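The values are calculated or read from the model by the stated rules, or taken from the named source; none is laboratory data. Every value quoted in this text rests on a predicted model; they were computed, and no experiment measured them. Here the Cβ is made from the backbone with ideal geometry for all residues, glycine too, and neighbour counts use every protein chain on show. Surface accessibility is based on the protein's heavy atoms, side chains included, excluding ligands, DNA and RNA. Shrake-Rupley method; radii C 1.70, N 1.55, O 1.52, S 1.80 Å.
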Amino acid sequence: MATLLPHSDRSAIETQVLRITRDLLRELGNSNAAKAVRPSATLDRDLGLGSIERVELLSRLDRTFNVTLPERALAEARTVEDVISALAAAPRDDGARFALRGEASPAAECDAGEIQPHVEARPETPSVGPGAACTEEGVRPLRWIWETIYGVYAAAVFFIWLVLTWLIVLLRPGGPAAARLTSAAIRTYFALVGCRIGMEGHEHLAAHSPCIFVSNHTSYSDVLAVMALFDTNYHFVAKSQIEHMPFISTFLRKLGHFSFDRSKLRARSRQAERMEQALLRGESIFVFAEGTFTAQRGVRPFQLGAFRAAVKTGRPIMAVALRGTRQFLRDGTFLPKAAQIKVIVSPALYPAVDSGGREWAEVLRLRDETRRTIARDSGEELID
């Protein structure tokens, strides 16, 4: 059973908030700011908590107190006392009490599994007569045989293509020349397996450089589709695990893409700084803002690093929607399926030039507008 904290006990809430904030600052290596944590301390000036750090603080508070604070609670908070007040006023399911850190609420004890996002149910397929059912039963084995033959062929071609392309890239100088060679090789692969790929909005690519390309993430084939069609210089921002993947790590290194350890908060902060430095040098970056992908359709919540970099540098966000890549290689499968892939690039979204003092709100605005644009262009629903 959980030990519950009475809602009226602000002193207990204050103790927990101060401890969580100090722990976060120590993880960031800011011991001086950790010593300065007190209710009257300002989040930005005294503690140096930027947008990404505030997101992490919000997440820890949600887990500790078993509530869901709106993101704007931290966006509008100026001091630690404001955060404490927001927690004290936060609505809860039981209407009275918090569950403390490290202990599960009764509801959580009943459902310890991962919470699945809510998706609106799709309309049921109308029932059909016996003749149609028999026809479907006859077609299904033939479809399975065709899909298996195509999948084995596409996978075999991919592995042969991967080894040959890897050898060529490995022996040649890195940089833009290696990127152009790789793009041509990927287009050749898609042609060999009969997968049509195309782009809408190509005119936007170079019109606002340098910029931050932000895309939905649906499949391992996302990277192939982007590299095949983008003829502008950019850096992918990838997970550090890719550095240890055979063949793929060579492409990452030779083509000059970035990688970082998502599990470490300090590494995420350094990566945000590296992104900002690249933009200021005139180099574009490409981010899959969902951070991961699943077999299920839908545009999941976006991480904020790309949008923070846009606000910090004044560079625009370019929303990139991927269609067909999930069908080509769905998560959890090993054999590709026949599909048509389309990449849709939307006009630039610029951060407000007068966002001083409201940086956090501008980060959230860019994120939400980008996510809505990608959901519309990809044909997949938003999942919160």
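List the pairs whose first member sits in the range 197-223 and is touching a residue at least 40 places away in the same chain (Cβ under 8 Å) and over 16 Å from HIS235 (Cα atoms), whose second member is of a type in the set (Lys, Arg) and open to solvent by 60 Å² or more (accessible area, probe 1.4 Å), and whose Cβ atoms are under 7 Å apart, counting only residues at least 6 apart or on separate chains?
Short answer, once both residue conditions are applied: GLY198/LYS342; GLU200/LYS342; SER219/ARG330.
Please give the number of the condition THR218 fails out of (1) assigned to a strand (DSSP E or B); (2) modelled with pLDDT of 90 or more.
Here THR218 clears every test but (1).
Hey, among the residues in the range 146-184 that are under 17 Å from VAL223 (Cβ atoms) and open to solvent by less than 20 Å² (accessible area, probe 1.4 Å), which one's modelled with the lowest pLDDT?
Looking at residues that are under 17 Å from VAL223 (Cβ atoms) and open to solvent by less than 20 Å² (accessible area, probe 1.4 Å), I get ALA178.
Just to be sure, is ALA375 under 16 Å from PHE230 (Cβ atoms), under 15 Å from the mean Cα position of the chain (by Cα) and not in a loop (DSSP other than H, G, I, E, B)?
Spelling it out, it is not the case that ALA375 is under 16 Å from PHE230 (Cβ atoms), under 15 Å from the mean Cα position of the chain (by Cα) and not in a loop (DSSP other than H, G, I, E, B).
Per-residue answers, yes or no, for (1) in contact with a Phe, Trp or Tyr (Cβ under 8 Å, 6 or more places away or on another chain); (2) in a loop (DSSP other than H, G, I, E, B); (3) without any contact (Cβ under 8 Å) to a residue 60 or more places away in the chain:
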position	(1), (2), (3)
ALA12	no, no, yes
THR15	no, no, yes
ASP23	no, no, yes
ARG26	no, no, yes
LEU49	no, yes, yes
GLU56	no, no, no
ASP62	no, no, yes
ALA73	no, no, yes
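Which members of the range 307-333 meet the condition of being touching a helix residue (DSSP H, G or I) at 6+ places or on another chain (Cβ under 7 Å) and of a type in the set (A, V, I, L, M, F, W, C)?
Answer for the range 307-333, where residues must be touching a helix residue (DSSP H, G or I) at 6+ places or on another chain (Cβ under 7 Å) and of a type in the set (A, V, I, L, M, F, W, C): PHE307, ALA309, ALA310, VAL311, ILE317, MET318, ALA319, ALA321, LEU322, PHE328, LEU329.
Please verify whether THR373 is open to solvent by 10 Å² or more (accessible area, probe 1.4 Å) and either out of contact with any Leu (no Cβ under 7 Å at 6 or more places or on another chain) or free of Cβ contacts under 8 Å to residues at least 60 places away in the same chain (or both), treating the condition exactly as stated.
So THR373 passes the test.
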